[in-house]
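Report on one structure; see the data block that follows.
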Amino acid sequence: MSPEASIREVYGKTLVELGRENRDIVALDADLCRSTMTQFFAQEFPERFFDCGIAEQNMIGIAAGLAASGKIPFASTFAVFIPGRCFDQIRMSIAQPRLNVKLVATHGGISVGEDGTSHQAIEDLSLIGALPGFTVIVPADAIETAQVIRVAANNYGPFYIRLCRPKVPIVYSEDYRFVLGKAATMRQGNEVTIIAIGIMVAAAIEAADNLRQEGINCRVLNMPTLKPIDKDAIIKAAADTGAIVTAEEHLEHGGLGSAVAQVVATHQPVPMEFVAIKDTYAKSGKAAELLQRYGLTAKDIERAVGSVMKRK
Amino acid sequence: MSLSESGDLSQKTSADKGSAGVFSSLSVAEMESVAKRIRRHIISMTGKAGSGHPGGSLSAVEIVTSLYFKVLRHKPSDPGWSDRDRFILSKGHAAPVLYATLAECGYFPVDELATLRQLDSRLQGHTDRTLTPGVEMSAGALGQGLSFAVGVALAGRLNAQDYRVYVLLGDGECDEGQIWEAAMASAHFKVDNLVAIVDNNGLQIDGWNRDVMNLDPFNKKWQAFGWHVIEVDGHDLTQLIDAFDRAKLVKRQPVVIIAHTIKGKGVSFMENNVDFHGKAPSAEEVKIALKELE
């Protein structure tokens, strides 16, 4: 079992480093700075930190105004609230004018656990991905998160970065370099490709390693940048392996599976299966229990690989 | 100087060397003529477009005129000038009054006003900061401008810049909860470089504010949220300019100017007539209106 680390903590600490390097970096939160970990920034740069209280829509507007005046705002709260609660504010105050705002949403997906439906963002990627001009990223582990936050700070434009609540296994070595808009090959293979995002990358690797024991050769791609998606890697995977399984901690509509399917259908049609939350809300429970209940484990990916290979 | 032709003002603009308040030498009488021309533009441009929002544009004419021709430090030749005072139109449907005023200042040619709402025009139905010189915010989805203005004001403080931020809200717009989130935050962050102006014309699409969604006691609401409140006749340039001057003296507190106005002001059949909130005048109505505004 790989060591685990909190990607939220890495976010908070990376933000402090960025704050030291660039005085235009500012941070905003909506009464959750101890959960999103913007608290570290708040402690070191109190004059550049704005706690907006439990008023997310206003936070989005203030972030937009700061960005329109040359600042690089990082605005954070839970992923159920941005984009969910502030969709119109994000659309008109940030996306349409293409302002340089970085939305870092924590507690994405059902791995939030016991807090239940109201706190489980399972549609956020679909909502934010619908907005023209947004770059959407879901890092897979702590090593990738640190780099993603830096890339967001150093590239102009609106970014949405989704982080999860629990600690997650480290899937990368320290020499990994995240490249914006590029997939990373986690396992080589030529019979089927598993394309995964976020916490499902670790599950995809586990599934591929199990399947290798059975003689099935899986390619595993991590697709951290959901938008703009790495079309070339998808087309190549379809051409090389002839079947694709996607895996995401999100509804099956409008997330990674939909985006990959659009590329596949347009350029290189091959059978696909989708490991994702079906058309339902989840409930309270421990993260591991929920992932099992809603079909987001390595075993579910292995079953999907079995199904898709029969359709080749 | 002659104010009969807008070109004269544009010329004055191009001679601008970047000093503050390029138009501030205008007398109130001269500004009244500018305001009348802006009203005529609003009628002509919405009439030609065949759609748009003349009512809430006409009610805000003196507010916007007093800002651009007396109060704001701005350079029409350099809309992105970092030290400019910012005017943020939160009630984005009043785009015609802003476009007309920007054109009169020389941000773009007056002739361009005739392209309002047409395909490929820089003058969109609601304001778009990516297209129009001098437009600070993409608005039209009500309730978002005050939050945006707070962000701009905070950035000015962080950068130790002395620009001031003016944001124009509609009274009906104050139904939006986000306005009050931002009102709370403005007082909390003590942004004293921010002035909100409410175009208090009393009407919203479905009727009188008091019947649709009562905002009273409006003045006391703002006070309770921690604002310094000034009330003026929103069609009296002298009162408006005086209020903007007084607002500069208020420290560690945001200021709201509640400007009492008349929707459709200046055109008899549009005044207090909610039908002209979002309806353009017909060709015949344009003729009558322009006659009244001679």
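A few notes on this one:
- Rounded to the nearest 20 debye, the dipole size of segment A:1-151 about its Cα centre is 520 debye, using +1 on the Cβ of Lys and Arg and -1 on the Cβ of Asp and Glu.
- The alpha carbons of the protein assembly as shown occupy a box of 89, 50, 49 Å along the principal axes, longest dimension given first.
- Between the residues A:276, B:172, A:195, the greatest Cα displacement towards the positive end of the dipole of the protein assembly as shown, with unit charges on the Cβ of Lys, Arg, Asp and Glu, is found for A:195.
- Acute angle (nearest 10 degrees) that the helix A:56-68 long axis makes with the longest principal axis of chain A, alpha-carbon atoms: 80 degrees
- Average Cα contact separation per residue, chain B, under 8 Å, 6 or more apart, as relative contact order %: 22 percent
- Distance from the Cα centroid of segment A:272-312 to that of segment A:156-227 is 16 Å (rounded to whole angstrom).
- Radius ratio Rg over Rh of segment A:4-169, counting only Cα atoms, Kirkwood formula for Rh: 0.92
- Radius 9 Å from Cβ of residue A:210, net charge of other residues (Lys, Arg +1; Asp, Glu -1): -2
- Loop-resident trypsin sites (Lys or Arg not before Pro) (DSSP state other than H, G, I, E or B) in segment B:242-294 with no more than 15 further Cβ atoms inside 10 Å of their Cβ: B:248, B:251, B:252.
- Dipole in debye (nearest 20) - the protein assembly as shown, about Cα centre, beta carbon charges: Lys, Arg +1; Asp, Glu -1: 760 debye
- P(r) weight above 25 Å for chain B, C-alpha pairs, percent: 43 percent
- Using bins of 5 Å that start at zero, the share of Cα-Cα pairs per bin across segment A:1-65 amounts to 4, 19, 25, 23, 16, 6, 3, 3, 1, 0, in whole %.
- Acute angle (nearest 10 degrees) that the helix A:142-154 long axis makes with the longest principal axis of chain A, alpha-carbon atoms: 50 degrees
- Summary: within chain B, the longest segment free of chymotrypsin sites (Phe, Trp or Tyr not before Pro) located in DSSP loops with at most 15 other C-beta atoms within 10 Å is B:82-268.
- Between helix A:256-267 and chain A: long-axis angle, C-alpha atoms, 0 to 90°, nearest 10: 60 degrees
- Sites listed here are GluC sites (Glu not before Pro) in segment A:119-225 whose DSSP assignment is loop and whose Cβ has at most 10 other Cβ atoms within 10 Å: A:174, A:214.
- Sequence of B:26, B:98 once ranked by neighbouring C-beta atoms within 10 Å, starting from the fewest: B:26, B:98
- Chain B: DSSP helices with Cα axial extent of at least 18 Å and average Kyte-Doolittle hydropathy no lower than -0.5: B:28-49, B:145-158
- Across all directions, the shadow cast by the convex hull of chain A built on its C-alpha atoms averages 14.6 square nanometres.
- Averaging the sequence gap over all C-alpha pairs within less than 8 Å and six or more residues apart, then dividing by the number of residues, gives segment A:184-310 a relative contact order of 28 percent.
- Proximal aspartates and glutamates to residue B:279, defined as alpha-carbon separation beneath 15 angstrom and excluding residues fewer than eight positions away on the same chain: B:206, B:271
Just so you know, all these numbers are worked out from the coordinates, no wet-lab data involved. Quantities reported herein were computed from a predicted structural model and do not represent experimental measurements. Glycine gets a Cβ as well: all are built from the backbone with ideal geometry, and neighbour counts include every protein chain shown.
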